[in-house]
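*Asks:* The following block contains the structure, expressed as structure tokens.
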Amino acid sequence: MGVLRKLLTDAVELARGMRAKGGAPADMNATPPLKEAVKAALSQDGYKVLLSTRLREAARRWHVPGANHALRLATTVLYGIEIGNDIELGDGVNFVHTLGTVIGGTSKVGARVKFMGNNTVGTAKDNGCPIIEDDVVVGCGARVLGPIRVGRGAFIGANAVVLSDVPPGAVVTGIPAKVREPRKNDADADDAKTNGAE
């Protein structure tokens, strides 16, 4: 039952994400109708990757010989994504674009993490793998490497190379990635100009 529960949760989270993308005014915490969740699941390659990953997790638990490797190979060939043999993904992980994504080693990925595509999560120098907490967005082409922790709700910019811990809710960009300062609003900028002119 664990596999079915996870797959249903994955479909519901995917449907919620599609609602938000479509700008739906409905309560985002409300559970989408089953029809909406099934439609989201059938239309997204990322869900098919999750389906394979959940089956792999079950095969490891039930000690089914060869199943984990065969499903990994099929997922890599069909969707261009490589997920290591011992990786477990949190509920509702979303692969927006699967091509070129690699999650390896002993990396841990929390719930509702969104991978935008062409991402690498793994070891930098065989010194350990990252822990990505819940609700993180990993931008296109971003690399998250080494024994680091990416805090809940963080946003990793496109093509960033993350080599050190990221605080919860932070936005990081660059190579190597650094925490980006929040942008001042226009009123603060106008005040600064006025004070500087005097």
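The values are calculated or read from the model by the stated rules, or taken from the named source; none is laboratory data. The shown structure was predicted, so the numbers you read here are calculated from the model rather than taken from an experiment. Note: ideal-geometry Cβ built from the backbone for every residue, glycine included; neighbour counts use all protein chains shown.
*Asks:* For G46, all conditions in the list (1) touching a Phe, Trp or Tyr at 6+ places or on another chain (Cβ under 6 Å); (2) at pLDDT 95 or above hold save one; what is the number of the exception?
*Replies:* Unmet for G46, out of (1) touching a Phe, Trp or Tyr at 6+ places or on another chain (Cβ under 6 Å); (2) at pLDDT 95 or above: (2).
*Asks:* Also, I was wondering about something else. In segment 154-170, which residues are surrounded by fewer than 18 Cβ atoms within 10 Å (Cβ to Cβ) and out of contact with any Pro (no Cβ under 6 Å at 6 or more places or on another chain)?
*Replies:* Residues satisfying the conditions are A158, N159, S164, D165, P167, P168, G169.
*Asks:* Could you tell me which of the residues G110, G84 is under 12 Å from the mean Cα position of the chain (by Cα), modelled with pLDDT of 90 or more and surrounded by fewer than 19 Cβ atoms within 10 Å (Cβ to Cβ)?
*Replies:* After applying the criteria, what remains is G110.
*Asks:* Another question about this same structure. What are the residue pairs meeting all of these: first residue in segment 48-68, first residue among the hydrophobic types (A, V, I, L, M, F, W, C), second residue assigned to a loop (DSSP other than H, G, I, E, B), Cβ atoms under 6 Å, and 6 or more apart or on different chains?
*Replies:* Taking only residues 6 or more apart or on different chains, the pairs are V49/I81; V49/T98.
*Asks:* Here's another thing I want to ask about it. Please state which one of T9, T31 is of a type in the set (V, I, T), at pLDDT below 85 and farther than 24 Å from G122 by Cβ.
*Replies:* After applying the criteria, what remains is T31.
*Asks:* If we scan segment 77-96, do we find a residue that is closer than 20 Å to V166 by Cα, free of Cβ contacts under 8 Å to residues at least 40 places away in the same chain and touching a Pro at 6+ places or on another chain (Cβ under 8 Å)?
*Replies:* The answer is no; no qualifying residue exists.
*Asks:* Another question, then. Report every pair of residues separated by at least 6 positions or lying on different chains whose Cβ atoms are under 9 Å apart, first residue within segment 104-129 and on the phi > 0 side of the Ramachandran plot, second acidic (D, E) and not in a loop (DSSP other than H, G, I, E, B).
*Replies:* Taking only residues 6 or more apart or on different chains, the pairs are R112/E13.
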